[in-house]
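The values are calculated or read from the model by the stated rules, or taken from the named source; none is laboratory data. The structure presented is a predicted model; accordingly, all values stated were derived computationally and were not measured. As a convention, Cβ positions derive from the backbone with ideal geometry for all residues, glycine included, and neighbour counts pool all protein chains shown.
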Amino acid sequence: MKQLLKKLSEAPGVSGNESRIKEIIIGEIKNYVDEIKDDSMGNLITIKKGSDKFRVMIAAHMDEIGFMVKHIDDKGFISFETIGGFDPRSLGSQRVRIHSSKGEILGVIGLKPPHITTPEEKDKALKVEDLRIDLGLNSREEVENLGIKAGDSITRDISFSELGKENIVSCKSFDNRAGCTVLTELIKKIKNPDYTLYGVFTTQEEVGLRGAKTAAYGIEIDFAIIIDSTTAGPIPKTEADKVTISIGKGPSIDLMDRGFILNEKVKDILTKAAQDAGIPYQTHISGGSTDAAAVHITKEGIPTAVISIPSKYIHSTVEIVDLNDLESTLILTIKAIEIAKNKLK
Ligand SMILES: [Zn+2]
């Protein structure tokens, strides 16, 4: 799992530009599925055909938060829009990759050095509109000669690394390449199911669950599990009721978020699955939302669960996950399908 997670999290795939991620996933799963489809939102829909009496969708979003080129000024500085939820404080002093028609170009989001920052500026909150990307060039013309223009996507440039232990790793975009990694492994692992399995890699989750809406509508589903990432600790100097789960203690069965409440019947299936599989699990109430918000109210409604992979410093370039939690997420998801097949059919 580690190599796949590294490959997927280092690769670029801002909302609306997920094709690189899709290519990697197709390369991994093409020999394990009966059908691969695409829809107009760019969702990657894979099918393993079994009985039509029970149809399961396991979904994970492919997109990451990032930026889009907005304007290039006379001196060659690039202003940009954010795509997805950023804390502006996390944006300064970053290296970024601009994906232009001529290839990838590196730039930095620089901050004024402390030597020339006034006390008022030091106390002021950083705003995205005050930041620029600097390629070290001196004119708009030089920047445009690199093929850069408004609308190009921009990703954060950081490499995957192992931290204090070999199972503790850090990179950007574990939200939700961690989920994509688990779903890819699940597709490889489930052989000849007696149900039909839709492995769906969605687009544009970070900007409003847009891909999941069309993906869920386009197929008939009896049960859905969304695999995503969620805020976990321990995070220093954070109140206990702000971050209630930790990395390394198993996946979270999400009880509620801003767009979804776990129904009792599905909750029983999930907790029984965790107990039967003998894996650690946690539950929590998330402050965000996931593709489940769109999926569970599709058509007449779909019994849906969210299994979240605990992640520290989510939506930054230094997210941290425990690979053991990814393994447990995989086991829990497979077990939950087996139980749901008997209880929901
Ligand atoms: Zn996510």
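Quick notes on this one:
- Condition check for Thr271: surrounded by 22 or more Cβ atoms within 10 Å (Cβ to Cβ) and among the polar types (S, T, N, Q): no
- Scope the range 129-171; condition without any contact (Cβ under 8 Å) to a residue 24 or more places away in the chain, in the same structural domain as Lys102 (by TED's automatic domain parsing) and either under 28 Å from the mean Cα position of the chain (by Cα) or surrounded by 12 or more Cβ atoms within 10 Å (Cβ to Cβ) (or both); matching residues: Asp130
- The strands (runs of 3 or more DSSP E) located wholly in the range 46-90 that include 1 or more residues which are touching a helix residue (DSSP H, G or I) at 6+ places or on another chain (Cβ under 6 Å) and more than 30 Å from Lys189 (Cα to Cα) occupy 66-72, 78-83.
Okay, residues lined up against (1) within 14 Å of the chain's Cα centre (by Cα); (2) over 26 Å from Ser328 (Cα atoms); (3) surrounded by fewer than 18 Cβ atoms within 10 Å (Cβ to Cβ); (4) not assigned by TED's automatic domain parsing to the domain that holds Val321:
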position	(1), (2), (3), (4)
Lys6	yes, no, no, no
Ser9	yes, no, no, no
Gly13	yes, no, no, no
Glu18	yes, yes, no, no
Ile21	yes, no, no, no
Asn31	no, no, yes, no
Ser40	no, yes, yes, no
Thr46	no, no, no, no
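- Filtered residues of the range 285-310 (kept if closer than 19 Å to Phe174 by Cα and modelled with pLDDT under 95): Ser286, Gly287, Gly288, Ser289, Thr290, Asp291, Ala292
- The one condition from (1) surrounded by 19 or more Cβ atoms within 10 Å (Cβ to Cβ); (2) touching a strand residue (DSSP E or B) at 6+ places or on another chain (Cβ under 6 Å); (3) closer than 29 Å to Asp157 by Cβ that Val318 does not meet is (1).
- If the condition is being within 16 Å of the ligand (Cβ to nearest atom) and either crowded, with 24+ Cβ neighbours inside 10 Å or of a type in the set (Asp, Glu) (or both), then the range 212-223 contributes Ala212, Ala215.
- Residues satisfying the stated conditions in the range 232-273, i.e. under 22 Å from Asn167 (Cβ atoms) and not in a loop (DSSP other than H, G, I, E, B): Gly233, Ser246, Ser252, Ile253
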